[in-house]
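What follows is calculated from the coordinates using simple rules that are stated; it is not laboratory data. All of these numbers come straight from a predicted model, not from anything done at the bench. Neighbour counts are summed over all protein chains in view; Cβ atoms, including those assigned to glycine, are modelled from backbone coordinates with ideal geometry.
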Amino acid sequence: MYIGIDVSKDSFVAAYPGKNGYTTMTFKNDTKGVRSFITSLPEDCHCVMEATGNYSMLLLYLLQQAGIPTSMENPQKIKHFSRAMMTVTKTDEIDAKLIALYGEKMNPEPYKIPAESILLLKQKRTVLRQLKKHLVATKNLQQSLAVLPKQDGASKRAVEKTIKFLERQIAELEDEITHLSNKEYKRQMELLTSIKGIGKTLASALIVATGGFTYFSNAKQISRYLGLCPTYQQSGTSVNVKGHINRNGDTYLRSQLYLVACNCTKYNAACKETYERLRANGKSGKAAVVAVANKLIRQAFAVVTKNQPYVDGFVSSIA
């Protein structure tokens, strides 16, 4: 039996299947509300919810603590399922029923909460990303004030102090991320940074995104998750579109990989060969760099899963 759950900030709606359709109940999205929901669940049930960031984590954590199988699905999957069902009305109750129906039809796999170290690293990376955005915005503000014919001294000092504060916080968080990554995933950090072009920042980001390379069984799955896989659409003679990446997943990590891939076209032998070959075959520079980013992901997956450092320019003897 699949129980559909639509989660919001303050509450969540659960849909229970029955002989005469679905019944719904609303609970507060706090510890007391979740525990009340758990007591209402029938035996042998499987809960399904959308991934809604931090708002769903308490519910997910307590359900797994209670031993109840729970799936947390990509909202895009639910959205496309809703379109397939031709749903025209959207309320929390209808969404919960739709999610329950999705579970019944699609039989999603139970979700596994990442290790505590991954959760901590993910929080640090999120805060770090936001601080960097604030730093860029504040520096832009500083530049816009500098061109004025008369600048207010108090405003100038406030902006300068903010920039120094943000730079200090960013440096501290980056050190913490590196320290925690080295402490919990020392071997993986050593292996990843053995690849020419991959430094500690990208290595720790890959560890967070892949759960220490435990979420995926091959490198292609990682590329698809990060939105670096090319798409291809073909239908009859009128539709033939290919060559665009799908741009799903972590935008920040995808940007990091792209920038690193640009440098790897010069210093990483395998990446350089891939880039030059594709350019010689007429591929655009951007498409070739995306291919290099995928090459980096394959290299990263290989060194971690085989537990062997990267050897630049290595050629396999296997025919």
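Here are a few things to note about the model shown:
- Other-chain or far-sequence residues with amide H under 5 Å of Tyr2's (modelled H): His46
- Expressed as a fraction of 2.2 N^0.38 Å, the value expected for a compact globular protein of N residues, the C-alpha radius of gyration of the chain is 1.22.
- Couplings for segment 102-110, taken from phi via the Karplus curve 6.51 cos²θ - 1.76 cosθ + 1.60 with θ = phi - 60°, read 4, x, 5, 7, 9, 6, x, 6, x Hz in order; Gly and Pro are left as x.
- In order along segment 281-287, the Karplus-derived 3J(HN,Hα) couplings, from 6.51 cos²θ - 1.76 cosθ + 1.60 at θ = phi - 60°, round to 8, x, 6, 5, x, 5, 5 Hz, and Gly and Pro are given as x.
- Segment 116-184 gives an Rg/Rh value of 1.17, both radii derived from C-alpha positions and Rh following Kirkwood.
- Annotation: amide H-H contacts under 5 Å for Ile245 (H modelled 1.01 Å from N, sequence separation of 5 or more, or interchain): Thr231.
- Using C-alpha pairs below 8 Å separated by at least 6 residues, the relative contact order for the chain is 13 percent.
- Estimated inter-spin distance, Thr162 and Arg129, nm [label 7 Å along Cα→Cβ]: 2.2 nm
- For segment 54-150, the fraction of alpha-carbon pairs in successive 5 Å shells from zero, as %: 2, 10, 13, 14, 12, 10, 11, 8, 6, 5, 4, 2, 1, 0
- Förster-model FRET efficiency, 51 Å R0, Ser40 and Asn281, C-beta, rounded to 0.05: 0.25
- A Stokes-Einstein calculation at 10 °C with viscosity 1.306 mPa s, built on the Kirkwood radius of segment 2-106 over Cα pairs, returns a diffusion coefficient of 117 µm²/s.
- Among Val127, Val260, Val88, the residue with the largest mean-square fluctuation in a Gaussian network model of the chain, with springs joining Cα atoms closer than 10 Å, is Val88.
- Karplus-derived 3J(HN,Hα) values for segment 147-162, using 6.51 cos²θ - 1.76 cosθ + 1.60 with θ = phi - 60°, are 8, 6, x, 9, 9, 6, x, 5, 5, 4, 5, 4, 5, 5, 5, 5 Hz; glycine and proline are entered as x.
- Charge dipole magnitude, Cβ of K and R +1, D and E -1 - the chain, Cα centre, debye nearest 20: 1260 debye
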